[in-house]
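The structure appears right after this line, and notes come after that.
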Amino acid sequence: VGTSGLRQSWSYHTALSTIIVAPDGERTVYFSSGANDGFGPESVDTATLSSYPICHCGYPCIMPAFRGENLAAFFRTLKGAGVATSLDTTWSSSTAPLADIEPALPYTDIFTPNLDEVFQLSGVDPGSDPGGRIEEATEFFLSKGVKAVVVTLGQGGSFLATRRESPGPASPLLPPPGIRVHCPAYETRGTLNATGAGDFFAAGFLAGLVY
């Protein structure tokens, strides 16, 4: 993980999440936003990022200065420097959650939402068969310009979809165009809880592209 491009600020404390897991696996999250409140594109020295193959941005909905047009401008800068862009999100309590990321989608190479998030943001109704509507939901983001959408499905594994054609030069790191792949989850001996599972998945997927 490269941090050389991050600028320090003494105006905020470090963000903190406390996650309480119930016996049934359900989680309650207490979150202190800390430096997220002031973190924006100017907090990153983009000149140092050109040495990295991918820049991953997570959770714009909890960073007021790093979403919408600000996020789009940052991703445009990265694309101009030849850096692949990766975007993750989380469930949003906003009345217009898509607005946080929509301006940046044309400049997003890889998008890694989970099952709930992909339906919330796309507006596709999962109905009684979410698995049967997942491709429709991913097509929404591909039509917005995203090159590859990778959805984590919990115990259902993951689903990868890529654009059938690219309007411009695509990063050589990306999966080939026009693919639809469902990967089942590994069998386990039992799950304690899923805290951090999506983050680990995104990290593993990006590492697989690079290495």
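The values are calculated or read from the model by the stated rules, or taken from the named source; none is laboratory data. All of these numbers come straight from a predicted model, not from anything done at the bench. Cβ coordinates were reconstructed from backbone atoms using ideal geometry, including for glycine residues, and neighbour counts include every protein chain displayed. Each accessible area value is taken on the protein alone, full model and side chains, heavy atoms only, with ligands, DNA and RNA left out. Shrake-Rupley method; radii C 1.70, N 1.55, O 1.52, S 1.80 Å.
Could you run through segment 186-211 and say how many residues are at pLDDT 80 or above and in a loop (DSSP other than H, G, I, E, B)? Count: 5. Consider segment 1-48 and keep the residues that are surrounded by 13 or more Cβ atoms within 10 Å (Cβ to Cβ) and in contact (Cβ under 8 Å) with a residue 40 or more places away in the chain. The one that is farthest from the chain's Cα centre (by Cα) is VAL21.
In segment 41-71, the residue that is modelled with the highest pLDDT out of those that are among the hydrophobic types (A, V, I, L, M, F, W, C), closer than 24 Å to LEU173 by Cα and part of a helix (DSSP H, G or I) is LEU71.
Return the only residue of LEU105, LEU142 being open to solvent by less than 20 Å² (accessible area, probe 1.4 Å), touching a Gly at 6+ places or on another chain (Cβ under 8 Å) and either under 25 Å from PRO172 (Cβ atoms) or β-branched (Val, Ile, Thr) (or both). After applying the criteria, what remains is LEU105. In the set (1) at pLDDT below 90; (2) within 25 Å of GLY38 (Cα to Cα); (3) surrounded by 14 or more Cβ atoms within 10 Å (Cβ to Cβ), the condition left unmet by SER94 is number (3). With respect to the conditions (1) assigned to a helix (DSSP H, G or I); (2) over 21 Å from ASP199 (Cα atoms); (3) of a type in the set (A, V, I, L, M, F, W, C), LEU98 lacks only one, and its number is (2). Do you know which of the residues in segment 197-211 that are among the aliphatic types (A, V, I, L, M) and more than 19 Å from TYR186 (Cα to Cα) is least open to solvent (accessible area, probe 1.4 Å)? Out of the qualifying residues, it is LEU209.
Scanning segment 108-139 for residues that are surrounded by fewer than 18 Cβ atoms within 10 Å (Cβ to Cβ) and of a type in the set (Asp, Glu) turns up ASP116, ASP125, ASP129, GLU135, GLU136, GLU139.
When PHE74 is tested against the conditions (1) within 30 Å of VAL210 (Cβ to Cβ); (2) part of a loop (DSSP other than H, G, I, E, B); (3) of a type in the set (Phe, Trp, Tyr), the lone failure is (2). Just one of the listed residues (GLU117, GLU69) is within 26 Å of LEU49 (Cα to Cα) and among the charged types (D, E, K, R), and it is GLU69. The residues of segment 116-155 that are charged (D, E, K, R) and either assigned to a helix (DSSP H, G or I) or within 20 Å of ALA197 (Cα to Cα) (or both), listed by number, are ASP116, GLU117, ARG133, GLU135, GLU136, GLU139.
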